1. Is it the case, given these coordinates, that Arg118 is open to solvent by 60 Å² or more (accessible area, probe 1.4 Å), under 30 Å from Ile15 (Cβ atoms), modelled with pLDDT of 90 or more and in a helix (DSSP H, G or I)?
2. Wholly within the range 141-209, which helices (runs of 4 or more DSSP H) include no fewer than the required count, namely at least 1 residues that are under 17 Å from Asn102 (Cα atoms)?
3. Of the residues Thr144, Thr120, only one is of a type in the set (Val, Ile, Thr) and without any contact (Cβ under 8 Å) to a residue 24 or more places away in the chain; which?
4. Return the total of residues in the range 244-256 being open to solvent by less than 100 Å² (accessible area, probe 1.4 Å) and at pLDDT below 80.
5. Considering only residues that are at pLDDT 80 or above and either over 30 Å from Lys64 (Cα atoms) or among the acidic types (Asp, Glu) (or both), which ones fall in the range 186-218?
6. Take the residues in the range 123-140 that are part of a loop (DSSP other than H, G, I, E, B) and touching a residue at least 24 places away in the same chain (Cβ under 8 Å); name whichever of them is least open to solvent (accessible area, probe 1.4 Å).
7. Looking only at the range 48-107, which residues are within 17 Å of Val216 (Cβ to Cβ), part of a loop (DSSP other than H, G, I, E, B) and open to solvent by less than 100 Å² (accessible area, probe 1.4 Å)?
8. For the subset of the range 223-233 comprising residues that are buried (at least 16 other Cβ atoms within 10 Å of the Cβ) and not β-branched (Val, Ile, Thr), which member is farthest from the chain's Cα centre (by Cα)?
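The values are calculated or read from the model by the stated rules, or taken from the named source; none is laboratory data. Remember, it's a predicted structure, so these values are computed and weren't measured experimentally. With ideal geometry, Cβ positions are generated from the backbone for all residues, glycine too; neighbour counts draw on all protein chains shown. Please note that ligands, DNA and RNA were not included when accessible areas were found on the heavy atoms of the full protein model with its side chains. Shrake-Rupley method; radii C 1.70, N 1.55, O 1.52, S 1.80 Å.
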Amino acid sequence: MGKIKYNLETKDDFIDYLGLIIEQVQKQMWRYRRYLSEVEDLCRTKIKEYDSEINEVSLETIIKVLNDPLYMQNRAKIKPIPFYKYAEIRDKLEFVNLRLLNLIGDKTKEAVSYAKFRKTAEKLEERLLKEGKESIIQLDNLSTDIQQKINECYKARNYVAHWADTKFIAQKEYRTSQLKEFEQIFEVDFINSHKHIIMVNRYEYVDIEWLFELYVAYKKNQKIYSSIFQQMRRDYTKMVGKPTEITPIQGKVLPFNFSLISQQSVDMQFKKDK
């Protein structure tokens, strides 16, 4: 099967490519902000159950509550969260989060990403310099902070997008520990005599700390994405020579003919060689 790639050869190619990345990242960040606000609202409700005097939700508020010496004693005042309610809001955030990680840090050959944009631009500039030709991109060097954040997105993307061996090793260790506890309670050798039984945990509720952890983690991620997004805009401004403007196109209904974009992409991705 043939693979159609986005050619990055001229300055206009790089401008168009980065413009499309900025468009997609902005779309995902809008959704990310919306879903994170749902987590924030739920956190606010639960924290007020713990302490009715607390009206705001922030990273500092969560940390303050968890570090309260009386927290473990008083956490019973917080009503438990239904498992599927928590899972639904977590899954929405995780889906958008993975898209952002891909758009920023994916380094696979056929992927579209900001990391690929910067790497390709760097290689082109090096080649033009060796050939004694004039530079066509002339981007400013990334700060150490931005480079580290892009690398963090790359590593996080690899971890989140795959079921790594480390996850299964940790899961196996947890399961073994759980079965040993069952042995002590029921006096049955679950580990060796029940190999034919595959145990799958199911729960009705989740500990409140899962919600707090979700909020803290994704709130921190939001700051990382925002700073990288601003760097993308600076790069775009550098190439076009004018300040970058983000202009939403308001529409009441998403037209179904937009689905042609995905269909054409699939057709190109799996197009057979002639």
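1. Numbers: open to solvent by 60 Å² or more (accessible area, probe 1.4 Å): no; under 30 Å from Ile15 (Cβ atoms): yes; modelled with pLDDT of 90 or more: yes; in a helix (DSSP H, G or I): yes.
Considered against the rule, which asks whether it is open to solvent by 60 Å² or more (accessible area, probe 1.4 Å), under 30 Å from Ile15 (Cβ atoms), modelled with pLDDT of 90 or more and in a helix (DSSP H, G or I), Arg118 comes out as no.
2. Details: elements: 144-160, 165-186, 190-193.
Answer list for the range 141-209: 144-160.
3. On the way: Thr120 fails: without any contact (Cβ under 8 Å) to a residue 24 or more places away in the chain.
None of the others qualify; the one that does is Thr144.
4. 2
5. Result: Val200, Asn201, Arg202, Glu204, Asp207, Glu209, Glu213.
6. Of the range 123-140, the ones part of a loop (DSSP other than H, G, I, E, B) are 131-140.
Okay, now just the ones that are also touching a residue at least 24 places away in the same chain (Cβ under 8 Å), so 136-140.
Details: Ile136: 54, Ile137: 4, Gln138: 109, Leu139: 36, Asp140: 88 Å².
Ranking the qualifying residues of the range 123-140, first place goes to Ile137.
7. Ile54, Val57, Ser58, Asp68, Ile78
8. At the first step, the residues of the range 223-233 found to be buried (at least 16 other Cβ atoms within 10 Å of the Cβ) are 224-225, 228-229, 231-233.
Next, from what is left, pick out any that are not β-branched (Val, Ile, Thr): 225, 229, 231-233.
Details: Tyr225: 9, Phe229: 14, Gln231: 18, Met232: 17, Arg233: 20 Å.
So, considering only residues that are buried (at least 16 other Cβ atoms within 10 Å of the Cβ) and not β-branched (Val, Ile, Thr), the one farthest from the chain's Cα centre (by Cα) is Arg233.
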